[in-house]
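See structure below.
The values are calculated or read from the model by the stated rules, or taken from the named source; none is laboratory data. Note that the structure is predicted; figures quoted are calculated from it, not measured. A quick note on method: Cβ atoms are made from the backbone with ideal geometry, for glycine too, and the neighbour counts reach across all protein chains shown. The accessibility values were calculated without ligands, DNA or RNA, using every heavy atom of the protein model including side chains. Shrake-Rupley method; radii C 1.70, N 1.55, O 1.52, S 1.80 Å.
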Amino acid sequence: MATPASYLIVGSGCFGASTARSLKKTYPDADVLLLDPAQFPDPAAAAHDVNKIVRAEYDDPLYMSLALEAMAAWSGSGPQSSSSPSGSGHADPVVAPFFQRTGALWSITRERTRRLKDNYEALLGPGNSPLEVLSFEDARARFPLLRDCRFAGGAEQCVLSPGAGWADAAAALGAVVRAAVEDGVRYEVAAATQLTFDDDGAVCTGVRTADGRSFAAQRVVLCAGAYTPWLLAQSAAENPGLCAGEKMLAAAVLMGLFKVPPGAEGLGRFRGAPIIVHPFGEFPAECIPPGSPRAPDLAKCTHEFPYTRKVYHGVAKQEISVPPLLSHADLMTWSRDLPDALKAKSASVREMFFGDAVKGMVPETYRLCWDLSTPDEDWIISPHPASKNLYIAAGGSFHGFKFLPIIGKYVAQMIHGELPEEHARRWAWDRKMTPVVTPYTPRGDLRDVPGYHD
């Protein structure tokens, strides 16, 4: 009788949680171990948040198709791509309770509007793009909270995506891990610090952890998010090919939660308001309106300006951006202990969106949310070519959370050599990466921010 397969998944964020659930459902006899530094849902994970945007607006047809599939899982009634692998449009009962449809308003160029409409119609059929084009004046008239919004920096108009919304991210992440555990996934709390290998150094066998334990499996899947490049470098003394080099860069964006007072000029302004995304100008940003069950009077404003935190790594012989996961994980969660320079950026985002149209908004708390970026913003879901039985599922590039219900299916396909050809090519470790420049391209370092320390 064959020994059941064993899988060790390092990291219980979006990629890791979804992968654990998918592997156990697909291979119920397999031993699946999910390893993370904290009890689930890990508050330091990028996917652990008050809320995250769920939308399908992508210039790239591949990601739009995947996002439509994911939105069907979130809502059951989102537009469904004819090429979507799920094809059913049925909501996933594990995540659907945490989705709130609000619509999303984008400031945008006319050219990008055309690309998005073309993508929608290619996937959903002629005339089936859900996007509604609005002039700035129309947007301000429909949504009075934007009365003072300048829409500066190159936008030409707005589009409203009525099917978009937000998810209670921490609750959804916890629900996915809980469902995996109920299906038989084992969950262990430990911080992986180094990969382990066989005597020849050619086969990854597991990990060692900060508390001195070792965990082994036939297949090791790194879903460690922003910590992935550092963990690979820590393991590369005998195998330099493990290092990520320029393929991945850990970075953090600044989020601010603003308390909105009751009344017509406070919470009343947000009644019926969509998510707002303005990826232009000095303060590219997005705002999710109040309404989260855990924060009903808090609006979340995110400054789309990622910061690195570069530290010299002796084994890799280069600077590697790494979050303060092992030293100060508390700095990856909500806090008021951030430099005034960052708090001022968050205030500028609020001012840019709302000016005096919303009265009495005051900052409640802040967060530096860490993710792992790739130069082309494609994910890395791939076997690692420098070691057998080692697999990478990371590089969310600040657009991964919405795929929580489905991304694990594709990671499982990758592990077993069943990933569709285009996906395998686009997500390969050793692909040629052509850098893109977007609001989420890392372009600052926390060491240069006055008052920052960790």
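Relative contact order of the stretch 208-322: 27 percent, from C-alpha pairs under 8 Å at least 6 residues apart in sequence.
Pairs of Cα atoms nearer than 8 Å and 6+ residues apart set the relative contact order; for the chain it is 21 percent.
Peptides 170-176, 243-249 ranked from most to least packed give 170-176, 243-249, packing being the mean of other C-beta atoms within 10 angstrom over each peptide's residues. For the residues His278, His328, His48, a 1.4 Å probe over the protein chains yields an accessible-area ranking, largest first, of His328, His48, His278. When both the stretch 1-65 and the stretch 100-154 are represented by their alpha-carbon centers, they are found 31 Å apart.
Within straight-line reach of Lys117, meaning a Cα separation under 12 Å, sit the following aspartates and glutamates at least 8 residues removed in sequence or on another chain: Glu57, Asp59, Asp60, Glu132. Do you know the Lys pair count in the stretch 261-382 for C-alpha distances under 28 Å, with sequence separation 8 or more or different chains? The result is 8.
Give me the percent of accessible area attributable to carbon and sulfur for the stretch 81-201, probe 1.4 angstrom.
The computed percentage sits at 48.
Here the dipole of the chain is about 660 debye; that uses its Cα centre as origin and unit charges on the Cβ of Lys and Arg (positive) and Asp and Glu (negative). Average accessible surface for the stretch 273-328: 35 Å² per residue, computed with a 1.4 Å probe over protein heavy atoms with every protein chain in place. A simple packing score, the average count of other Cβ atoms within 10 Å per residue, orders the peptides 329-339, 178-188, 415-425, 401-411 as 401-411, 178-188, 329-339, 415-425, with the highest score first. In the complete set of protein chains, residue-level accessible area for Met414 is approximately 10 Å², probe 1.4 angstrom.
Straight-line reach only, C-alpha to C-alpha below 15 angstrom: list the aspartates and glutamates that Lys247 could link to, leaving out same-chain residues fewer than 8 apart. The qualifying aspartates and glutamates are Glu319, Asp371, Asp376, Glu377, Asp378, Asp430. Per residue, the accessible area of the stretch 331-454 comes to 39 Å² when a 1.4 Å probe rolls over the protein heavy atoms. The relative contact order of the stretch 286-434, computed from alpha carbon pairs under 8 Å that lie at least 6 residues apart in sequence, is 16 percent. A simple packing score, the average count of other Cβ atoms within 10 Å per residue, orders the peptides 250-258, 157-165, 203-211 as 250-258, 157-165, 203-211, with the highest score first.
With K and R counted +1 and D and E -1, the other residues having a Cβ less than 9 Å from that of Met361 yield a net charge of +3. Using just its DSSP H runs of length 4 or more, each adding -39500 (n - 2.57), the chain gives a mean residue ellipticity at 222 nm of -7000 deg cm²/dmol after division by all residues. Among beta bridges from DSSP that stay inside the chain, the antiparallel ones total about 70%. Solvent-accessible area assigned to carbon and sulfur over the stretch 248-314 amounts to 57 percent, based on a 1.4 Å probe. From the coordinates of this entry, mean projected area of the Cα convex hull in nm² is computed, and it appears in [x] 25.5; [y] 21.0; [z] 85.5 under the label [y]. Between the amide H of Phe197 and those of Thr205, distances stay under 5 Å, these residues lying 5 or more places away or on another chain, with hydrogens modeled in the peptide plane.
Put Glu282, Glu238, Glu364 in order of accessible area, highest first, and with a 1.4 Å probe you get Glu238, Glu282, Glu364.
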